[in-house]
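FYI, it's all coordinate maths here, none of it is from the lab. In this text the structure is predicted, and so the values were computed from the model without any measurement. Cβ: placed from backbone, ideal geometry, glycine included. Neighbour counts: every protein chain shown.
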Amino acid sequence: MLRLIFVPFIVSAVIDSNYGTALILFVLAGISDGLDGLLARALKQRTRLGEYLDPIADKLLLSSLFFSLSIMHKIPWRITVLVFSRDIGILVVASVLYATTSLRDFRPSIFGKANTVTQIATLALVLLAEVYPAVWVVNLRQLGLWLTFAITLVSWLHYTLTLPQRMRANNARMSEGSGTKTSG
């Protein structure tokens, strides 16, 4: 919940060109995310609500930052459009599958996790480059933007290409669970 509270303040700081404040709040949001996960595991306090809210908070924070930084011309629109397209595409497909099939396992793949880490690092570098525009920071920012574009595309393709396999595995598991035999 704390990360959700950070979102409007981070976006406001970006829109006001107060990138130092945005960077500090972004880092604090990341720390709160890390502490939340650490405490949940250590105290064995994992809940169904938390399993849903955690990725929602991540996506809201990241998407809001991509959008606001694109408005401020700090991130190219093509990257933001790809990030949004991937997330919306996956959300629509997952919602349809949730409503029409018994598939409930929508955990991210290694590519999805790599995508999130890359996006977080890139956003931090974009903000840092506005506060501290050293050549190495600006170069890392550019590398991060290219990596974000590439890994977002790869993770979307991976999700799309592995989805039929996940659906078949789920159908087989459901057939075994109901005692129904299929001929093959």
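Positive-end ranking of Ser175, Ile90, Leu163 along the dipole of segment 71-180, with charges on Cβ about the Cα centre, is headed by Ser175.
For the chain, the membrane-span-like helix rule (DSSP H, alpha carbon extent of at least 24 Å along the helix axis, mean Kyte-Doolittle at least 1.0) picks out 19-42, 77-100, 110-131; this says nothing about an actual membrane. Every Cα-Cα pair of segment 23-91 was included, and the share exceeding 15 Å stands at 62 percent. Normalised Debye scattering of segment 1-52 at q = 0.15, 0.19 Å⁻¹ gives log10 I(q)/I(0) of -0.48, -0.66, counting only Cα atoms as equal scatterers and leaving out solvent. Only the Cβ atoms of Lys and Arg (+1) and of Asp and Glu (-1) were treated as charged; on that basis the dipole of segment 86-184 about its Cα centre amounts to roughly 340 debye. Scattering from the chain was approximated by placing one identical point on each alpha carbon and applying the Debye formula without solvent; log10 I(q)/I(0) at 0.11, 0.15 1/Å stands at -0.56, -0.94.
Hey, what did segment 2-175 get for relative contact order, percent, Cα under 8 Å, at least 6 apart? It would help to have the intermediate numbers written out before the result.
On the way: 129 pairs, mean separation 44.1, N = 174.
With pairs under 8 Å counted, the relative contact order is 25 percent.
Let's see if you can work this out: charge +1 on each Lys and Arg Cβ, -1 on each Asp and Glu Cβ, no other charges. What is the dipole magnitude of the chain about its Cα centre, in debye to the nearest 20? Dipole magnitude for the chain comes out near 620 debye.
I'd like the distance between the alpha-carbon centres of segment 13-55 and segment 92-118, rounded to an integer number of Å. Comparing the Cα centres of segment 13-55 and segment 92-118, I get a distance of 21 Å.
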